[in-house]
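Here is the structure we will look at.
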Amino acid sequence: MIPKDVIEEIKSRLDIVDVISEYINLERVGQYYRALCPFHTETRPSFYVSPKLQRYKCFGCGANGDVIKFVQEMENISFYEALEKLAKRAGVDLSKYSKTSSKSGYSIYTTFYKKLKDLYKKELLKNKKALAYLKDKRRLSEEEISHFEFGYSPLGSKLPIIIAKELNLSLEMLMKTGVVFRTTKGIKDIFEDRIVIPIKNESGDTIAFGGRVLDEGEPKYINSKDTKYFSKSRTLFLLDIAKNYIRRLDMVIVTEGYFDAIALHRAGFENTVAVLGTALTQQHAMRLSNLSKNIVLAFDSDEAGKKAAIRSISVLLSRGFNILVVDYRDYKDADSLYTKEGKDGIEKVFEKAMSFEEFIVNYYKERYDLSTPSGVESFASAIGEWGKRIAPYTSSVRVEALVKYASEVSGLSQKDLERFVRSPTVAVQEDRKRVGADEEIAYLFFNYEDTREEILNFPRDVLGNCIKEILDLYKNTNNLNQTMENLSKECSDWIFNVLKDTPPPSDYQRILRDVKRRLELKKLTKRLKEIDMHLNSATDEERHVLLKARMDIVRKMKSLQRG
Ligand SMILES: [Zn+2]
């Protein structure tokens with residue numbers, strides 16, 4: 001236990017405004033600071049920080065607390081881990097309070113990763129083939145190899161086991177680091193015979209590795225498995241370095257792989273981050289939106305890259321980003337372009353980045369044969385769907401731009417295309433009105449794998465008990481069967497009936513959007529009640545802020561009800 005006065009001492013040495021400023025852009029308003037809330041989606045700021053009280057509060061979602069709570073929530077770590085971090089920053093030594101082995105899970109985890117990283121780095125220098133791969137094939141200089149901290153995991157690597165012994169980690173703890181797997185012949189390093197590169201969190205601590213094969217083996221890339229401290233859907237590679245550049249330049253570039261992000265950093269675009277083999281998730285977008293709302297998607301030019309870009313555009317639009325998309329012409333990605341044409345080649349490609357409307361139109365033009373009536377029909381309805389999708393988030397000018405460009409490309413008249421934008425979306429919602437939000441969520445979760453990640457991040461406070469139980473169990477086990485086995489009797493009956501009685505949707509993505517809207521409404525209703533309660537006892541100044549927040553909520557609810 002850390003004594004209360006030590007915790008107070010740490011807090012008193014820090015300014016909450018400084019700490020929060022490292023994560024999001026605060027703007028001064030009177031005696032407060034204000035920002036877009038990092039914990040919920042909004043377009044107008046309702047997140048306030050009070051330097052006087054050294055606390056933050058969001059009038060949109062209700063998040064509030066002190067500097068420790070903020071770091072805890074932001075980094076998804078425990079109270080003690082956040083305290084440890086802040087103590088370091090404040091220059092307070094906590095070691096005398098921690099009894100023998102009561103070091104926090106986070107600090108053991110990052111120590112493990114740091115030591116392993118150092119061993120991998122040493123191995124790289126010993127292995128000619130691995131070094132040659134980086135120097136000849138990837139054209140990396142020795143400084144660059146050391147700057148990005150490349151390493152190599154040798155054949156038959158026992159390195160994770162060695163470190164685990166050194167740190168006195170149990171087998172169970174070693175398994176939880178995400179770098180080993182069990183075979184009949186014992187524990188193995190998942191990165192064996194791969195180039196490894198550290199993946200760091202925003203504080204610069206290594207929390208995972210990426211590994212690439214030297215030859216043509218498959219899979220080409222792997223990452224540490226998701227752990228308590230590392231999740232692919234949250235982490236952005238190189239964000240620790242890039243975040244200050246992103247803020248300064250008010251623009252972020254996102255690539256698909258580590259080598260592409262590295263190539264762009266080498267070319268002087270240090271405001272670049274990479275996703276780890278996924279499209280951009282809601283969590284990524286939320287994190288980036290606090291640094292800049294201007295984004296350039298620089299994904300691979302192959303089919304998978306384009307699909308990831310299309311999916312990312314959907315996510316980004318809903319958070320009000322301005323989006324450009326890069327076209328690498330004949331190259332596969334940033335890395336291959338940089339290797340052949342250097343900085344100039346990269347600059348040219350960025351100068352010619354296209355608007356997202358243009359990208360969308362080109363994407364469907366390649367997919368459908370516009371010389372046939374059915375191809376034209378599919379093309380027009382795809383454009384129509386996008387028109388509907390972007391309309392709520394952008395000005396009508398953007399929808400017009402989309403239609404105009406699609407008309408130029410397809411030869412269809414703008415009028416015809418607009419008809420598709422305005423046509424009502426298939427009437428599936430009507431007959432599903434009776435299906436409750438919890439039931440819809442459960443049905444989607446079990447039947448459509450690609451909805452799971454998003455559903456797992458739904459706010460729990462507006463969900464019923466059984467769906468909450470299912471999501472929590474799944475989060476721990478990552479396995480549907482195990483989730484089902486461990487459910488309480490009541491919830492197991494419930495889910496059985498849901499799966500049996502819910503009619504399959506004709507467009508599950510639309511159902512997912514509709515469910516989100518319903519949850520959002522529920523949450524806002526709850527917030528409204530809370531605000532009304534607060535209003536009774538509020539000071540004049542608080543009243544002012546609360547009433548404004550109330551108006552915003554009512555406005556949001558109206559627009560949700562319309563949508
Ligand atoms: Zn909020």
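The values are calculated or read from the model by the stated rules, or taken from the named source; none is laboratory data. These numbers were taken from a predicted model, which means no experiment stands behind them. Glycine also receives a Cβ, built like all others from the backbone with ideal geometry; neighbour counts cover every protein chain displayed. Surface areas here come from the heavy atoms of the whole protein model, side chains and all, with no ligands, DNA or RNA. Shrake-Rupley method; radii C 1.70, N 1.55, O 1.52, S 1.80 Å.
Against the criterion of solvent-accessible heavy-atom surface with a 1.4 angstrom probe, Met551, Met286 sort, most first, into Met551, Met286. Under the combined filter of DSSP loop state and at most 13 neighbouring Cβ atoms within 10 Å, segment 303-388 retains these trypsin sites (Lys or Arg not before Pro): Arg329, Lys332, Lys352. Once whole DSSP H runs in the chain are found, which of them have Cα atoms spread over 24 Å or more along the helix axis and a mean Kyte-Doolittle score of at least 0.0? Membrane-span-like by this criterion, though nothing is claimed about a membrane: none.
Let me have the 222 nm mean residue ellipticity of the chain computed from DSSP H runs of 4+ only, each contributing -39500 (n - 2.57), with the sum over all residues rounded to the nearest 500. Computed mean residue ellipticity for the chain: -16500 deg cm²/dmol. Out of every Cα-Cα pair in the chain, what percent are more than 33 Å apart? Taking all Cα-Cα pairs of the chain, the fraction more than 33 Å apart is 51 percent.
Accessible surface comparison of His147, His534, probe 1.4 Å, protein chains only, largest first: the order is His147, His534. Going by accessible surface with a 1.4 Å probe and the largest first, Val545, Val49 read Val545, Val49.
Each Lys and Arg Cβ is given +1 and each Asp and Glu Cβ -1; about its Cα centre, segment 360-421 then shows a dipole of about 200 debye. Using only side-chain charges placed at the Cβ, +1 for Lys and Arg and -1 for Asp and Glu, the dipole size of the chain relative to its Cα centre rounds to 980 debye. Taking the charge dipole of the chain about its Cα centre, with +1 at Lys and Arg Cβ atoms and -1 at Asp and Glu Cβ atoms, the residue from Ile531, Ala261, Met354 reaching farthest to the positive side is Ile531. A P(r) calculated from all alpha carbon pairs of segment 334-408, with 5 Å bins opening at zero, reads 3, 15, 20, 16, 12, 12, 12, 8, 1 percent. The trypsin sites (Lys or Arg not before Pro) of segment 149-219 that meet both conditions, a loop assignment by DSSP and at most 11 other Cβ atoms within 10 Å of the site Cβ, are Lys185. Starting from the Cα gyration tensor of segment 239-352, take the square roots of the eigenvalues, sort them a ≥ b ≥ c, and report rounded, prolate or oblate (rounded when a/c is under 1.5, otherwise prolate if a/b is larger than b/c, else oblate). In terms of gyration-tensor shape, oblate. Computed from the alpha carbon positions, the gyration tensor of segment 437-562 leads to an equivalent ellipsoid with semi-axes of 34, 17, 11 Å, biggest first.
Hey, any idea what % of segment 82-159's accessible area is carbon plus sulfur with a 1.4 Å probe? Of the solvent-accessible surface of segment 82-159, carbon and sulfur hold 55 percent. Computed over protein heavy atoms with a 1.4 Å probe, the accessible surface of the chain works out to 50 Å² per residue. Candidates Phe299, Gly186, Ser371 compared by Cα position along the dipole of the chain: farthest toward the positive end lies Gly186, with charges placed on Cβ. Please tell me which of these pairs span more than 26 angstrom C-alpha to C-alpha: Lys122/Lys343; Lys85/Lys114; Lys225/Lys365; Lys126/Lys340; Lys129/Lys188? The pairs that break the limit, which is 26 Å between Cα atoms, are Lys122/Lys343; Lys225/Lys365; Lys126/Lys340.
Which log10 I(q)/I(0) values, to two decimals, does segment 1-126 give at q = 0.09, 0.10, 0.13, 0.23 Å⁻¹ under the Debye formula with one point per Cα? Debye output, listed in q order: -0.34, -0.41, -0.63, -1.30.
Taking label points 7 Å from Cα along the Cα-to-Cβ direction, Arg13 and Phe496 give a separation of 5.9 nm. Of the beta bridges in the chain, as assigned by DSSP with both residues counted there, near 75 percent are antiparallel.
Dipole magnitude for segment 4-97: computed about the Cα centre from +1 point charges on Lys and Arg Cβ and -1 point charges on Asp and Glu Cβ, it is near 260 debye.
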